[in-house]
1. Write out, first by first residue and then by second, each pair whose Cβ atoms fall under 6 Å of each other, whose residues are 6+ apart or on separate chains, and whose first residue, in the range A:40-65, is more than 23 Å from A:Asp19 (Cβ to Cβ) and facing chain B (nearest Cβ under 9 Å) while the second is at pLDDT 85 or above and surrounded by 12 or more Cβ atoms within 10 Å (Cβ to Cβ).
2. What pairs can you find where one residue is in the range B:75-96 and at the interface with chain A (Cβ under 7 Å from one of its Cβ atoms) and of a type outside the set (S, T, N, Q), the other is assigned to a helix (DSSP H, G or I) and surrounded by fewer than 22 Cβ atoms within 10 Å (Cβ to Cβ), and their Cβ atoms are less than 6 Å apart, with a gap of 6+ or different chains?
3. Which of the residues belonging to the range B:87-124 are surrounded by 20 or more Cβ atoms within 10 Å (Cβ to Cβ) and among the small types (Gly, Ala, Ser)?
4. When the residues of the range B:306-318 are narrowed to those that are at pLDDT 95 or above and surrounded by 23 or more Cβ atoms within 10 Å (Cβ to Cβ), which ends up farthest from the other protein chains (Cβ to nearest Cβ)?
5. Just one of the numbered conditions (1) modelled with pLDDT under 85; (2) surrounded by 12 or more Cβ atoms within 10 Å (Cβ to Cβ); (3) under 14 Å from the mean Cα position of the chain (by Cα) is not true of A:Pro87; which one?
6. Can you name the number of the only condition in (1) among the aliphatic types (A, V, I, L, M); (2) in contact with a helix residue (DSSP H, G or I) (Cβ under 6 Å, 6 or more places away or on another chain); (3) within 22 Å of B:Lys221 (Cβ to Cβ); (4) surrounded by fewer than 19 Cβ atoms within 10 Å (Cβ to Cβ) that B:Leu404 fails?
7. If I filter the range B:71-87 for residues that are at pLDDT 90 or above and polar (S, T, N, Q), do I get at least one hit?
8. Suppose the filter is under 25 Å from B:Arg114 (Cα atoms) and hydroxyl-bearing (Ser, Thr, Tyr); does B:Thr319 pass it?
Amino acid sequence: MKVLEINLEPRLMDCQIIDVDGKRCGKVDDLVFEGDVGSQLKIKSILVGPRVWYSRETGSLAALLSFFIRSNKLIEVPWKYVVEIFPIVKLNVRAQELGLRALDTKLAGILERIPGG
Amino acid sequence: MNFVDLLLGFISSAGGFIDISNLVFNPQSAAKFGYALLWPMVVGAIGIAVYAEMCGRVAAIAKKPVFDLIRERTGFNIAMITLIASNIVNLLIATAEIGGVAIMLQLFSGLSYRGLLFVAFGLLLLILWFIKFKYLEWIFGIMGMFMVTFLVAAIKLSPNWHQVVLGFVPSIPFEAKTDMLDYLYFAIGLLGSLLMPYQVYFYSSGGIEEGWKEKDLITNKITTYAGYALGAILAIALSIVAGTIFFPGHIQPQAVGTILLGPALTMGKVGLILGMIGMLFSIGGAAMETSLAGAYNLSQFFGWQWGKFQRPSEAPRFTLSWLIMLIVAVLVLLTGIDPVKITNLAVIFSVVVYPLTYIPILLVANDKRFLGKHANGRVTNVLAWVYLVILLVVAISAVPLLILSKGGNG
């Protein structure tokens, strides 16, 4: 079997993602490609979330991660929302519209009730 | 370039240079070996200045803090291991620093240590919750400059300056094998206390917090080289004070506050109080820095919103991270564990994290795609690579030396 090596320049994997408001909303945890054999391969979407972490991990570290982080969340960010890829991945849409920063929104509601929060 | 910002940056870096690790390792090493271990502080100060300057430059030009670099350069797996190791060390140091704050408050008030742990926690919580990054740095940095009291004490104690100068040259002032192990253990501990990774995590994140740009590169250079040089002089002063007072009588200081004997002997009550203020704010500033460093690392690894330039609710997971660091640290201290013992362990174990922290910084600071014309020059590169070799040697030998020398008590 032929192994296909893809060198993404500049590097995309593990890059910070920020939304249209400049809010940090995750990392490029993985990429989804589309394209048939013999045709040009294109990036379809960016994957963000804990489910990808387990697949990237192996052995005891994977077990440790899955023990502490129970979430199985996975968010697919369509490539059409990406407007810049270097040095940071910028989106032209708000994070909440894609389901990113959902936990932040919940926690912010609690912290806002505390004076100075 | 704003002169006031430049001055405040310089003072903050000098005043914020000392933490509990210097207040533990310097007196212990000087009490045992006199002035013979001044050289590791020069080596350590140059090393941290070289790497912090690179971090600041990367933050200003590429807008990337250290843990972004670690994950991008080493990938998810190694970065995760680095995250776990570095945050265990951050937590250990934060615990030691909060314990140190409680000890200083006890010296001021005479109240119970356990009760003052809650006071220390409450004060740090209020400060971190309400005060923005820039003012945090200024308050602790400026008040930390009261550590100059120890420099005055060192001069007033009239040490043997010839011996002091000889201390800047690595030498072998021992005969027995156990002394050699202790000497190497303290040399590595002193180096470790100046090269603590939390300093670069905090410094680079601070550069992003303050929105550094190309024009701030000069501030970055002065803050790191001049500010850290003054900070190192203060650290050396601690060793001179301890070497002059404790070494001749073979007295081994065990408590954090013992070094205050220097200002007290030379300047009386005023010196004692000024020294205590300096120590309180140095240790308090480091408690704040280490708690934030843990939160910065987590947030930057996972890509969460972070920063002290905004309200706590605007970066909720970052806020909860430093809050949990503070809570866990106080819970550990409530078990009755001695902050000095935690400091010894934390410094030695932090050394193990060195390569994983410093290599990605060097790689990016060399990368013209990120930094363009601001990528490392030849001199910086030579220095950085020399230090990387030193860091690797230190990282490999730290834990074996801790065991063989029984923590410097071999």
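1. A:Arg56/B:Phe76
2. Cβ pairs passing all conditions: B:Phe76/A:Arg56.
3. Matches in the range B:87-124: B:Ala94, B:Ala96, B:Gly99, B:Gly100, B:Ala102, B:Ala120.
4. B:Phe318
5. Status for A:Pro87: all satisfied but (3).
6. The single condition B:Leu404 does not satisfy is (3).
7. Yes, the range B:71-87 contains at least one residue that is at pLDDT 90 or above and polar (S, T, N, Q).
8. no
The values are calculated or read from the model by the stated rules, or taken from the named source; none is laboratory data. Note that this is a predicted model, so its numbers are computed, not measured. As a convention, Cβ positions derive from the backbone with ideal geometry for all residues, glycine included, and neighbour counts pool all protein chains shown.
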